[in-house]
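**Student:** What follows is a structure written as structure tokens; I'll ask about it next.
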Amino acid sequence: MFTDGACSGNPGPGGWGTILRYNGIEKELSGGEADTTNNRMELTAVIEGLKALKEPCEVTVCTDSKYVSDAVTLGWAKNWKKKGGDVKNPDLWEKLLKLVELHDITYVWVKGHAGNKYNEICDTLAVEAAKKASL
């Protein structure tokens, strides 16, 4: 799975894009919100991609968001959940943590805007969704 989020202004209209790839089949997903932040869109891209899976899977999530990849791989998200406390976007972290329990997920950080074909497509999906959300 490849994911990306975009926001025109922060906050402002935003969008997310996700590509699911399996056995040579690709599915593109995208959406947007009129008033959001880039980090919310990055999280939403992963959440929507995981929600689209019909059964528990082994998933590699490729994201250019350190916010998402570090929070999960370094345990920040689970520690927040265990300890409580203040965190930004708690509604989305709750959703993501529930979905994470269903799948065997590996997170891979990819550098954004560096020529990764699928990251670039996700960026285009996200930017287009943000434009539509701003109308």
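The values are calculated or read from the model by the stated rules, or taken from the named source; none is laboratory data. Since we're looking at a predicted model, the values are computed, not measured. Note that each Cβ is placed from the backbone with ideal geometry, even for glycine, and that neighbours are counted across all protein chains shown. Protein only, heavy atoms only, side chains kept; ligands, DNA and RNA dropped before computing areas. Shrake-Rupley method; radii C 1.70, N 1.55, O 1.52, S 1.80 Å.
**Student:** Would you tally the residues in the range 125-135 being surrounded by fewer than 16 Cβ atoms within 10 Å (Cβ to Cβ) and at pLDDT 95 or above?
**Tutor:** 3
**Student:** Which of the residues belonging to the range 35-56 are open to solvent by less than 70 Å² (accessible area, probe 1.4 Å) and either of a type outside the set (S, T, N, Q) or at positive phi (or both)?
**Tutor:** R40, M41, E42, L43, A45, V46, I47, E48, G49, L50, A52, L53
**Student:** Within the range 79-123, how many residues are open to solvent by 40 Å² or more (accessible area, probe 1.4 Å) and in contact with a strand residue (DSSP E or B) (Cβ under 7 Å, 6 or more places away or on another chain)?
**Tutor:** The total comes to 5.
**Student:** Scan the range 114-135 and report the pairs whose first residue is within 18 Å of G32 (Cβ to Cβ) and of a type in the set (S, T, Y) and whose second residue is part of a helix (DSSP H, G or I) and open to solvent by less than 30 Å² (accessible area, probe 1.4 Å), with Cβ atoms within less than 9 Å and a gap of 6+ or a chain change.
**Tutor:** Cβ pairs passing all conditions: none.
**Student:** Please specify each residue of the range 1-34 satisfying the condition of being open to solvent by less than 20 Å² (accessible area, probe 1.4 Å), over 8 Å from the mean Cα position of the chain (by Cα) and among the β-branched types (V, I, T).
**Tutor:** Listed by number, the list holds a single entry, I19.
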